[in-house]
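One structure is given here, and the rest of the page talks about it.
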């Protein structure tokens, strides 16, 4: 069992996407969630999806400004995954959602609402980028996500100079913003 | 081109790459130009959104990778239960039982639905849902018939032919509409008769002839052709042309047995079976043999001819509206061999009590016997 400081370290690792920390969280918690899902009308695939979504919820919490974890990491993850799985069961109308499992739970509703919001925005951006298509998508991802400099990008995408690449990037960005905000505004 | 410059400046400003002077100049621009300010705010939001998207995507990718690696190294393995949920396990366990149960259920369902359709198809036909109230005479009834005839013989005044006549095939009721010997009954009462005889309440028996039948209206007009028949002065009741009101009390006289039988009830609906407008529904005790009997209201007006009853329901009897008698008589008039039939239009039973009414009416009611 991890001490609170150990949990905190792991969470900091998750927030910065540190490979070892994420792997440790994975290894220590997966089987618990696997049991939960598989023993309650789920498949191995479901267990994997639920656990990974639970990890993202934990990640979102770890990067948020007002972050604090008042319980053990394991308990929190279990509570989140249980709630996620219940929702999924209800959505597919599979069976009476009466999940048996450990009793100790923490309230996670608020975090899940937050997660749903974030998940929606993630989906919007994902869809916008997909509609943008290549080479714009790659160009923008290289610049804004991988933070590479313009000279490199120009060379890779075959532009004669950085200014040309910048010009192209500008056009792509304007299109992406249009796509994104059209969806974003129609939703809100 | 200016837009590119603005974007470039905004991004450098947001990243904090601007020098002190440049930053101050840019902030001044933002303050004075709301469009620029709007652009900066929007772009800031968008870049944050994109940054979050990128980071989350990276984490997702990393988690995915870790899962695959752990699966390869065997640190994550499917649960012993074969990776199937409870339902799948139960399905595997009880597959056979379920199959047997399902096939039994299927067969039962087929059987029941077969039976249901078998029975219900029979009742689709209207004729089978309503029963004609003519009486098929069985041997027992014939015996009583003969008995009464013997009694009548003792009293004398009876034709020899009556006693020697064979037993009738069926019996119904009819009533006079013209004192000279014209009677009305149901078409189904006389439908398959080779010969018709009518008998009054005193047991006198007369030969009769079918003058007219209409199977749609279920009306038949008979004429007594017997020398022993003496015409009446006038009929006590009248035939009502207009329709009758709901809930009006009614009564009927008929021959469900060898003796004339009185019963009373009320008009319960203005249409007959399945909305048939030729007839109406009455609530009255009626039995085979009542067919063709008059249905009268309290003023002694004939409002209908009792014809059928519904098999499935209790006390649902149908009577053919009396105005159809006039329609039938219009048709009869076309036959030149028939004298003009004069239907009684005024009833002299008004205001009398029921016993007196029936006393006067019963002489005009006859039993129809078909041979």
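Taken together, the values in this text are just the output of simple stated rules run on the coordinates, not laboratory data. Computed from a prediction, not measured in an experiment: that's the story for all the values here. We place every Cβ from the backbone using ideal geometry, glycine too, and count neighbours over all the protein chains shown.
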So what are the radius of gyration and Dmax for the Cα set of the stretch B:158-237, in Å? 12.6, 38
I want to verify a result. In a Gaussian network model of chain B, Cα cutoff 10 Å, which of these has the top mean-square fluctuation: B:183, B:70, B:349? B:70
What's the angle, to the nearest 10 degrees (0 to 90), between helix A:4-15's Cα axis and the longest principal axis of chain A? 30
Using a Gaussian network model of chain A whose springs link C-alpha atoms within less than 10 Å, name the residue from A:106, A:37, A:57 with the highest mean-square fluctuation. A:106
Could you work out how much longer the chain between residue B:179 and residue B:58 gets when fully extended? Use 0.36 nm per residue separation minus the Cα distance between them, nm to one decimal. 32.5 nm
Which whole number gives the average count of other chain Cβ atoms within 10 Å of the Cβ atoms across peptide B:47-58? 6
Other chains' Cβ within 10 Å of B:63-69 residues: what's the mean? 5
Largest to smallest principal axis extent of the C-alpha atoms in the stretch B:132-370, angstrom: 47, 41, 36
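Of B:170, B:229, B:326, how do they rank once you tally other Cβ atoms within 10 Å and put the fewest first?
Ranking B:170, B:229, B:326 by Cβ neighbours within 10 Å, fewest first, gives B:326, B:229, B:170.
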Highest-first arrangement of B:7-19, B:55-67, A:44-56, where packing means the average Cβ count within 10 Å: A:44-56, B:55-67, B:7-19
Taking the Cα-to-Cβ direction at residue B:242 and at residue B:107 and moving 7 Å from each Cα, how far apart do the two end points lie in nm? 6.7
For all pairs of alpha-carbon atoms in the stretch B:297-361, what percent lies in each bin of width 5 Å, listed from the first bin to the last filled one? 4, 14, 16, 16, 18, 16, 11, 5, 1
Between residue B:79 and residue A:105, what FRET efficiency comes out of the Förster formula 1/(1 + (r/R0)^6) with R0 = 22 Å and r the beta carbon distance, rounded to 0.05? 0.50
Could you tell me the center-to-center distance, by alpha carbons, between the stretch B:199-220 and the stretch A:1-63 in angstrom? 98
Give me the distance in nm between label points sitting 7 Å out from Cα along the Cα-to-Cβ direction at residue A:87 and residue B:277, one decimal. 6.5
Kirkwood hydrodynamic radius, the stretch B:2-72, all distinct C-alpha pairs: what's the number in Å? 14.4
On a 0 to 90 degree scale, rounded to 10, what angle separates helix B:86-123 from the longest Cα axis of chain B? 30
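Hey, what number do you get for the protein assembly as shown at 222 nm if only DSSP H runs of n ≥ 4 count, each worth -39500 (n - 2.57), divided across all residues, to the nearest 500?
-17000 deg cm²/dmol
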Grab the beta carbon distance between residue A:9 and residue A:187, set R0 = 51 Å, and tell me the FRET efficiency rounded to 0.05. 0.85
When B:24, B:354 are arranged by how many other beta-carbons sit within 10 Å of their Cβ, fewest first, they go B:24, B:354
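Over chain A, what is the relative contact order in whole percent, taking alpha-carbon pairs under 8 Å and six or more residues apart?
15 percent.
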Alpha carbon convex hull of the stretch A:111-187, projected area averaged over orientations, nm²: 5.5
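How big is the protein assembly as shown by the Kirkwood estimate over distinct Cα pairs, in Å?
33.6
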By count of other Cβ within 10 Å, fewest leading, how are B:185, B:231, A:43, B:337 ordered? B:337, B:231, A:43, B:185
Rounded to the nearest 10 degrees, what's the angle between the helix B:2-15 long axis and the longest principal axis of chain B, both from Cα atoms, 0 to 90? 80
Averaged across the residues of A:18-31, what count of C-beta atoms belonging to other chains lies within 10 Å of each residue's C-beta? 3
Over chain A: Rg over Rh, Cα atoms, Kirkwood Rh: 1.07
Given a Förster distance of 56 Å, the FRET efficiency implied by the Cβ-Cβ spacing of residue A:28 and residue B:312, rounded to the nearest 0.05, works out to 0.15
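May I ask you to order A:140-149, B:303-312 by the average number of other C-beta atoms within 10 Å around their residues, highest value first?
Ranked by mean Cβ neighbours within 10 Å, highest first: B:303-312, A:140-149.
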What Kirkwood hydrodynamic radius, in Å, does the stretch B:203-266 give when the mean of 1/r is taken over all pairs of distinct Cα atoms and then inverted? 15.3
